[in-house]
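The values are calculated or read from the model by the stated rules, or taken from the named source; none is laboratory data. Because the structure is a prediction, the values reported are computed rather than measured. In this analysis, Cβ positions are derived from the backbone assuming ideal geometry, glycine residues included, and neighbour counts consider all displayed protein chains.
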Amino acid sequence: MPEPLSSDGAISPAGAGGAMDLAMAEGASLEKAPGGPQGTGPAGRPRSLWSDAWRDLRRNPVFIISGLIIVFLVVISLWPSLIASGDPLQADLDDAQKGSGPGHPFGYDPQGRDVYTRVVHGTRTSVTVGVCATLGVALLGSVLGGLAGFFGGWWDSVLSRITDVFFGIPVVLGGLVFLSVVTSSTVWPVVGFIVLLGWPQIARIARGSVITAKQNDYVQAARALGASNSRMMLRHITPNAVAPVIVVATIALGTYIALEATLSYLGVGLKPPAVSWGIDISDASPYIRNAPHMLLWPAGALAVTVLAFIMLGDAVRDALDPKLR
Amino acid sequence: MADIDKEPVDATPNVTEVATVDAASEAEAVAAIDAPVSQGEPILQVRNLVKHFPLTQGVLFKKQVGAVKAVDGISFDLFAGETLGIVGESGCGKSTVAKLLMTLERATAGEVFYKGQDITRLSGRALKAVRRNIQMVFQDPYTSLNPRMTVGDIIGEPYEIHPEVAPKGERRRKVQDLLDVVGLNPEYINRYPHQFSGGQRQRIGIARGLALNPEIIICDEPVSALDVSVQAQVINLMGKLQDEFNLSYLFIAHDLSIVRHISDRVGVMYLGKMAEIGTDEQIYEHPTHPYTQALLSAVPVPDPEAREGRERIILSGDVPSPANPPSGCRFRTRCWKAEDKCATEMPLLAVPERFKGLDSPAAHESACHFAEEKDVVHAA
């Protein structure tokens, strides 16, 4: 009579222990085959996620191009007169809305100011607003949202309700109320307002991706090894939860530059003597049919800037995913 | 019901509430934990372990409306050097037992004694010392390895958390030795988990579990996510490692044949309770609990002739909800032997009265009022 569950331990559906041992020995030797002889010392230099990501990024043309654009933008924000020596405020109404001419490659705006000089000088404001607001939103949002996702409990409940409240505030109305009481003519109140209204979006995304990452067995495995909360967060959760935050933050960067323009157009953002792409886009938009160049140059600069940051974010995100290597 | 799914994975450790142990008794506990245990002595004693997951309602102000009784009072011993298999269907609380033994979840009640120390009440340094000695191999090799860490970092992480185990300069060497021990090429140290197959990944998980040289490894369905041919390789590897490192395994699975292959003793769980426990021969050849008999009668038999003659016990209905388990015997709603007594009196896990004093393999612990032997494995 056959004994399907004999005590010398055959595993169903078939196969005796001996056959399995053979299979295992085979598997093991196959797995060892591709490498060199054993015990020939350590296999090269130890590598980590970040060093591998950096190696990968250095060879990625998308990263190089977007990086060069961003470096260029930062340089001309710091020293705009390097490539545009004129005065962005000098106006001659005789030249209003004129197209390009010698010495004025981008033409003139509705006030007769040189569009090229204004685009170059506006870089500082727009890049400052975009980069600072995005950094502020990303840091505040991912720290608060990440902690809420990791620890859960009452802090999570409170934070989720706070984000609900912020989602209920209309951006433009909020801007009118918040910024109309501020008298400073610098970009910082605008940056502060964007951070205040923008962080709940990132916080929600960060919370969600931290909760997803936290449920993975490797986080449980780290805890089972006795890892501290900070090790679990920094080594295991953050690298696996950061991708959606990078994507949303880089896309939001363009929105923030445009939001600065909207607020300036409403008269609560930057006040007139200030130069920014947003102000120029608002000024030029009524004349789009007669003199499109006035709109297209600052809008083009905005598009290139946003694209550079999105490409950078994309390249970094891909480099941090070993599966795509 | 959404809250039930969330609770078990809540990684928030609430260690502060038990941090009342003073430094002296903590040092004592660490010393006791580091002491060796001789072969055949109980190394882990589980007593009336209970885990209830609260069911809550409300968004901001949570109100408890009930509890999922995932594990409801189970007791067993794990002896040094043995393999104790735990079987049972999905949702019976097997994995929760594993998490409780790993202190990944805090027990609602009951004790787990490891070398005389109740690990459910330890914290800080003493808990860390326990974690060095009790390690775990996870079910799914695809989620148990961090996709963004190299194999070297994954297996080396235990040494970073417990730096006293290996000095910094030796860690890389040790990681490569471990890769070799589990049958992987030591040159793979800089690869990422996605570059490996399921079986190879599980070997990496086993290597991580072995890194701290633990005494107990809790295996939560370590092969159920793998192909059958690869299952055999991994199981045999685990058997080999047990001999080599004198490990005790708590082996959780739902595949009865695999459990029999690797286990010295087997416990059968149903709805948060232990139904029957005994040596593999006692459980597989002489089951006395009707649930065990039903489970065994469902094991596939590779011989068509033997299959035809055999009786299959087909249980009616589904497993009751662990949030609202039946009174008395948990199994009575699906049991063909159930009588009034089963609804009123909870059967205890003990050697049944009728087998007491008998020198028969049927005389092992079984939680049934009407325990009797029934040969369900062999053809009638």
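Here is a yes/no grid of residues against (1) of a type in the set (D, E, K, R); (2) modelled with pLDDT of 90 or more:
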{"position": "A:H236", "(1), (2)": "no, yes"}
{"position": "A:V245", "(1), (2)": "no, yes"}
{"position": "A:L253", "(1), (2)": "no, no"}
{"position": "A:P273", "(1), (2)": "no, no"}
{"position": "A:A291", "(1), (2)": "no, no"}
{"position": "A:D314", "(1), (2)": "yes, no"}
{"position": "A:L324", "(1), (2)": "no, no"}
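Examine the stretch B:94-114 for a residue that is within 14 Å of another protein chain (Cβ to nearest Cβ) and surrounded by fewer than 17 Cβ atoms within 10 Å (Cβ to Cβ), and state whether such a residue exists.
There is at least one residue in the stretch B:94-114 that is within 14 Å of another protein chain (Cβ to nearest Cβ) and surrounded by fewer than 17 Cβ atoms within 10 Å (Cβ to Cβ).
Being surrounded by fewer than 13 Cβ atoms within 10 Å (Cβ to Cβ) and charged (D, E, K, R) is the filter; apply it to the stretch B:285-309 and report the residue that is modelled with the highest pLDDT.
Going through the qualifying residues, I end up with B:E305.
Just one of B:K63, B:K6 is modelled with pLDDT under 90, closer than 25 Å to A:D217 by Cβ and exposed (fewer than 14 other Cβ atoms within 10 Å of the Cβ); which is it? Give the steps one after another, and end with the answer.
Details: B:K63 fails: closer than 25 Å to A:D217 by Cβ.
The conditions single out B:K6.
Does the stretch A:189-199 contain any residue that is touching a Leu at 6+ places or on another chain (Cβ under 9 Å) and over 25 Å from A:V306 (Cβ atoms)?
Among the residues of the stretch A:189-199, not one is touching a Leu at 6+ places or on another chain (Cβ under 9 Å) and over 25 Å from A:V306 (Cβ atoms), which makes the answer no.
Name the residues in the stretch B:142-157 that are modelled with pLDDT of 90 or more, more than 7 Å from chain A (Cβ to nearest Cβ) and within 27 Å of B:S224 (Cβ to Cβ), would you?
B:V151, B:I154, B:I155, listed by residue number.
Being within 12 Å of the chain's Cα centre (by Cα) and assigned to a loop (DSSP other than H, G, I, E, B) is the filter here, so list the residues in the stretch B:77-120 that pass it.
B:G88, B:C92, B:G93, B:M102
Just one of the numbered conditions (1) in contact with a helix residue (DSSP H, G or I) (Cβ under 7 Å, 6 or more places away or on another chain); (2) at the interface with chain A (Cβ under 7 Å from one of its Cβ atoms) is not true of B:E187; which one?
Of the numbered conditions (1) in contact with a helix residue (DSSP H, G or I) (Cβ under 7 Å, 6 or more places away or on another chain); (2) at the interface with chain A (Cβ under 7 Å from one of its Cβ atoms), the odd one out for B:E187 is (1).
Listed here are the residues, each with its yes/no results for (1) modelled with pLDDT of 80 or more; (2) surrounded by fewer than 20 Cβ atoms within 10 Å (Cβ to Cβ); (3) part of a loop (DSSP other than H, G, I, E, B).
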site: B:E311; (1), (2), (3): no, yes, yes
site: B:L315; (1), (2), (3): yes, yes, yes
site: B:A343; (1), (2), (3): yes, yes, no
site: B:F370; (1), (2), (3): yes, yes, yes
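Could you tell me how many of the residues in the stretch A:238-247 are surrounded by 22 or more Cβ atoms within 10 Å (Cβ to Cβ) and over 21 Å from A:S51 (Cβ atoms)?
Going through the stretch A:238-247 one residue at a time, the tally reaches 1.
Could you list, in sequence order, the residues of the stretch A:139-174 that are at pLDDT below 90, under 24 Å from A:I257 (Cβ atoms) and out of contact with any helix residue (DSSP H, G or I) (no Cβ under 7 Å at 6 or more places or on another chain)?
Once the filter is applied, which keeps residues that are at pLDDT below 90, under 24 Å from A:I257 (Cβ atoms) and out of contact with any helix residue (DSSP H, G or I) (no Cβ under 7 Å at 6 or more places or on another chain), the stretch A:139-174 yields A:P170, A:L173.
Name the residues in the stretch B:231-255 that are closer than 22 Å to B:S90 by Cβ and either surrounded by fewer than 21 Cβ atoms within 10 Å (Cβ to Cβ) or at the interface with chain A (Cβ under 8 Å from one of its Cβ atoms) (or both), would you? It would help to see each step written out before you state the result.
Filtering the stretch B:231-255 for residues closer than 22 Å to B:S90 by Cβ gives B:231, B:234-235, B:249-255.
The answer is B:Q231, B:I235, B:H254, B:D255.
Specify which of the listed residues (A:T125, A:T134) is crowded, with 23+ Cβ neighbours inside 10 Å, outside any loop (DSSP other than H, G, I, E, B) and modelled with pLDDT under 90.
One residue alone meets the criteria, A:T125.
Among the numbered criteria (1) under 29 Å from the mean Cα position of the chain (by Cα); (2) farther than 17 Å from A:V275 by Cα; (3) surrounded by 17 or more Cβ atoms within 10 Å (Cβ to Cβ), which one does A:K98 miss?
Of (1) under 29 Å from the mean Cα position of the chain (by Cα); (2) farther than 17 Å from A:V275 by Cα; (3) surrounded by 17 or more Cβ atoms within 10 Å (Cβ to Cβ), only one is false for A:K98: (1).
Given the condition touching a Pro at 6+ places or on another chain (Cβ under 6 Å), closer than 27 Å to B:S95 by Cα and assigned to a helix (DSSP H, G or I), answer yes or no: does some residue in the stretch A:152-169 qualify?
no
Please specify each residue of the stretch A:98-138 satisfying the condition of being touching a helix residue (DSSP H, G or I) at 6+ places or on another chain (Cβ under 6 Å) and hydroxyl-bearing (S, T, Y).
A:Y108, A:T123, A:S126, A:T134
In this structure, is A:D21 in a helix (DSSP H, G or I), within 14 Å of another protein chain (Cβ to nearest Cβ) and modelled with pLDDT of 75 or more? Spell out how you get there, then give the answer.
Working: in a helix (DSSP H, G or I): yes; within 14 Å of another protein chain (Cβ to nearest Cβ): yes; modelled with pLDDT of 75 or more: no.
For A:D21, the condition - in a helix (DSSP H, G or I), within 14 Å of another protein chain (Cβ to nearest Cβ) and modelled with pLDDT of 75 or more - is not met.
Hey, any hits in the stretch B:269-280 for a residue that's among the β-branched types (V, I, T), touching a helix residue (DSSP H, G or I) at 6+ places or on another chain (Cβ under 6 Å) and either crowded, with 24+ Cβ neighbours inside 10 Å or not assigned by TED's automatic domain parsing to the domain that holds B:G73 (or both)? First the steps, then the outcome.
Keep residues of the stretch B:269-280 that are among the β-branched types (V, I, T), which gives B:277, B:279.
Add one more test, that the residue is touching a helix residue (DSSP H, G or I) at 6+ places or on another chain (Cβ under 6 Å), and what stays is none.
Taking every residue of the stretch B:269-280 in turn, none turns out to be among the β-branched types (V, I, T), touching a helix residue (DSSP H, G or I) at 6+ places or on another chain (Cβ under 6 Å) and either crowded, with 24+ Cβ neighbours inside 10 Å or not assigned by TED's automatic domain parsing to the domain that holds B:G73 (or both).
Name the residues in the stretch B:289-309 that are within 24 Å of B:H369 (Cα to Cα), within 14 Å of chain A (Cβ to nearest Cβ) and in a loop (DSSP other than H, G, I, E, B), would you? Spell out how you get there, then give the answer.
Let us first name the residues in the stretch B:289-309 that are within 24 Å of B:H369 (Cα to Cα), namely B:289-298.
Adding the requirement that they be within 14 Å of chain A (Cβ to nearest Cβ) leaves B:292-293, B:295-298.
Within the stretch B:289-309, just B:A298 meets the criteria.
Within the stretch B:194-211, can you find the residues that are within 9 Å of chain A (Cβ to nearest Cβ), in a helix (DSSP H, G or I) and touching a helix residue (DSSP H, G or I) at 6+ places or on another chain (Cβ under 6 Å)?
B:H194, B:G199, B:R208
Could you give every pair whose Cβ atoms fall below 8 Å, whose first residue belongs to the stretch A:222-237 and is more than 7 Å from every other protein chain (Cβ to nearest Cβ), and whose second residue is outside any helix (DSSP H, G or I) and of a type in the set (G, A, S), counting only separations of at least 6 or pairs across chains?
That search, which allows pairs on different chains as well, returns A:M232/B:A11; A:R235/A:A227.
Any idea which residue in the stretch B:162-193 is nearest to B:L226 (Cα to Cα), counting only those that are β-branched (V, I, T) and in a helix (DSSP H, G or I)? Talk me through it step by step, then tell me what you get.
At the first step, the residues of the stretch B:162-193 found to be β-branched (V, I, T) are B:165, B:175, B:181-182, B:189.
If we keep only those that are in a helix (DSSP H, G or I) too, we end up with B:175, B:181, B:189.
Numbers: B:V175: 24, B:V181: 20, B:I189: 22 Å.
My answer is B:V181.
Based on what the data block shows, is A:F193 within 30 Å of B:Q64 (Cβ to Cβ), out of contact with any Pro (no Cβ under 7 Å at 6 or more places or on another chain) and among the hydrophobic types (A, V, I, L, M, F, W, C)?
Numbers: within 30 Å of B:Q64 (Cβ to Cβ): no; out of contact with any Pro (no Cβ under 7 Å at 6 or more places or on another chain): yes; among the hydrophobic types (A, V, I, L, M, F, W, C): yes.
It is false that A:F193 is within 30 Å of B:Q64 (Cβ to Cβ), out of contact with any Pro (no Cβ under 7 Å at 6 or more places or on another chain) and among the hydrophobic types (A, V, I, L, M, F, W, C).
Within the stretch A:242-278, track down each residue that is under 21 Å from the mean Cα position of the chain (by Cα) and free of Cβ contacts under 8 Å to residues at least 40 places away in the same chain.
Scanning the stretch A:242-278 gives A:P244, A:T255, A:A261.
So, in the stretch A:201-237, exactly how many residues are hydroxyl-bearing (S, T, Y) and crowded, with 19+ Cβ neighbours inside 10 Å? Talk me through it step by step, then tell me what you get.
Of the stretch A:201-237, the ones hydroxyl-bearing (S, T, Y) are A:209, A:212, A:218, A:228, A:230.
From the residues that got through so far, the ones that are crowded, with 19+ Cβ neighbours inside 10 Å too are A:209, A:218.
Matching residues across the stretch A:201-237 total 2.
Out of (1) farther than 30 Å from A:G67 by Cβ; (2) assigned to a helix (DSSP H, G or I); (3) at the interface with chain B (Cβ under 10 Å from one of its Cβ atoms), the odd one out for A:S285 is which?
The failed condition is (3).
Filter the stretch A:118-164 down to the residues that are of a type in the set (V, I, T) and touching a Ser or Thr at 6+ places or on another chain (Cβ under 8 Å), then identify the one that is farthest from the other protein chains (Cβ to nearest Cβ). Give the derivation first.
Just the residues of the stretch A:118-164 that are of a type in the set (V, I, T), to begin with: A:119-120, A:123, A:125, A:127-129, A:131, A:134, A:137, A:143, A:158, A:162-163.
Next cut, touching a Ser or Thr at 6+ places or on another chain (Cβ under 8 Å) only: A:123, A:125, A:127-129, A:134.
Numbers: A:T123: 36, A:T125: 37, A:V127: 31, A:T128: 33, A:V129: 33, A:T134: 24 Å.
Checking each candidate, the answer is A:T125.
Just the residues that are within 13 Å of the chain's Cα centre (by Cα) and surrounded by fewer than 23 Cβ atoms within 10 Å (Cβ to Cβ), please, taken from the stretch B:256-268. Walk me through how you get there before you give the answer.
Our first condition is that a residue be within 13 Å of the chain's Cα centre (by Cα); within the stretch B:256-268, this holds for B:259, B:263, B:265-268.
Selection gives B:R265 alone.
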